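Worksheet for the structure shown next.
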């Protein structure tokens, strides 16, 4: 049996991989701004279900709320940039390049959370940087 975290990770890959494709279909037909509005509207049913699962109680931790809102703002900015990129370029290139966003996450975790990488992980980071260079050609 697969660990639960791996099942969720595979579901994430399935959803995000399909999302990247559907985003290109939308970006070929409407501008990034309206596409962002419609994508956000698509999250409302999921947010409502999550709200019901919390028994209609919201979180009270101010710092957690701030991080949650910041997450939404940064996600929205990233989505607008993604939609603009796929409307002007090939999704087969834009998708993989933008999927290297964990490189920034790793750098921030290293700088601010004092997390360290082992040698294999450093090789992975270097290979990711090489991949960006190759995909941009």
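Across segment 1-22, the number of residues qualifying as closer than 17 Å to residue 98 by Cβ and out of contact with any helix residue (DSSP H, G or I) (no Cβ under 6 Å at 6 or more places or on another chain) comes to 9. Taking the conditions (1) at pLDDT below 90; (2) assigned by TED's automatic domain parsing to the domain that holds residue 26 in turn, residue 128 satisfies each one other than (2).
Summed over segment 102-131, the residues that are part of a helix (DSSP H, G or I) and touching a helix residue (DSSP H, G or I) at 6+ places or on another chain (Cβ under 6 Å) give a count of 2.
Taking the condition closer than 30 Å to residue 89 by Cβ and out of contact with any strand residue (DSSP E or B) (no Cβ under 8 Å at 6 or more places or on another chain), does residue 36 pass? When the stated conditions are applied, residue 36 passes them.
Residue-wise test of (1) at pLDDT 90 or above; (2) surrounded by 10 or more Cβ atoms within 10 Å (Cβ to Cβ); (3) part of a helix (DSSP H, G or I).
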site	(1), (2), (3)
23	yes, yes, yes
43	yes, yes, yes
60	no, no, no
75	yes, yes, yes
93	no, yes, yes
100	no, yes, no
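The values are calculated or read from the model by the stated rules, or taken from the named source; none is laboratory data. Please read all numbers here as calculations on a predicted model, not as lab measurements. Quick reminder, even Gly has a Cβ in these numbers, built from the backbone with ideal geometry, and neighbours come from all protein chains shown.
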